[in-house]
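Inspection log for the structure reproduced underneath, given as structure tokens.
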Amino acid sequence: MAVWQSDFCPYNARMNSSSEQIIPANEADIACMREALRLAGQAAQAGEVPVGAVVVKDGVIIGRGSNAPISKHDPTAHAEIAALRDAAQNIGNYRLVGCELFVTLEPCVMCVGAMFHARIARVVFGARDPKTGAAGSVINLFDDLRQTPNPSPSLQEQISHSNPNSSRPPLLKGGTAAPSLDKGRDGEGLGSVLRLNHHATIEGGLLAEECGKMLSDFFAARRAQQQRKELPPPHPSPKGRGG
């Protein structure tokens, strides 16, 4: 069975990404994603967008999370963040080196950043997110920018050096601050600002159809509920003879 499944809805369409990996699924990965799906179902029952995530270390789930930003009044309460926090508490370390994270929906920029900070080694998601996905759908933070550390000539050309003695940073045309041309810690100059100090492997589409269907069904039900609220009340039936 391949990781990618049929693209019957926007949540499981294929991506075109240089860092995308399409590999055969294994039973261990499927079991982890099914647990994430169970957690996504819990979120749906609570009225949250159904997204679930688990963190795995050495084949054992050490962290679980369900989407809960609405109920917790917390914009950061995504399933991935909850799973990372749970895992960190369980092992007593904010670094989750060598761990894997399974999530039913392609992670957003915030969650990818948290994964990098936690030193997650591998990320596997189910359905893609065409609106906020940061693993190739909208932006790809998993692309290894270290392979192209040098800036593009167009960026170099835009940098103004009108006052090289000034302590203020150079500006790009339009007034935007440009990256410093000074060599950084790694001695690679401007290109070093394009580099992140940690990268994880990314694999998408595991149980994509099931993950996407859960999301599609949730939003379809919510739209139907909203339409019912907007319908005018039924006209009272005319009174009969005995009325």
Just grab the label-to-label distance for Asp217 and Lys72, each label 7 Å out from Cα along the Cβ direction, in nm (one decimal). 2.5
Give the carbon-plus-sulfur fraction of the accessible surface of the stretch 33-73 in %, rounded to a whole number; probe 1.4 Å, heavy atoms of protein chains only. 53
Please list 85-95, 59-69, 106-116 highest first by mean number of surrounding beta-carbon atoms within 10 Å per residue. 106-116, 59-69, 85-95
Relative contact order [Cα under 8 Å, 6+ residues apart], the stretch 34-91, whole percent: 29
Counting only heavy atoms of protein chains, what accessible area per residue, in Å², does the stretch 18-88 have with a probe of 1.4 Å? 46
For His198 and Leu231, what does the FRET efficiency come to when R0 = 45 Å and r is the distance between their Cβ atoms, rounded to the nearest 0.05? 0.30
Taking R0 as 22 Å, what's the FRET efficiency between Ala224 and Gln45 from their Cβ-Cβ distance, rounded to 0.05? 0.80
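The values are calculated or read from the model by the stated rules, or taken from the named source; none is laboratory data. Every value quoted in this text rests on a predicted model; they were computed, and no experiment measured them. Every residue, glycine among them, receives a Cβ derived from its backbone with ideal geometry; neighbour counts consider all protein chains shown. Side chains included, ligands, DNA and RNA excluded: accessible areas come from the protein's heavy atoms. Shrake-Rupley method; radii C 1.70, N 1.55, O 1.52, S 1.80 Å.
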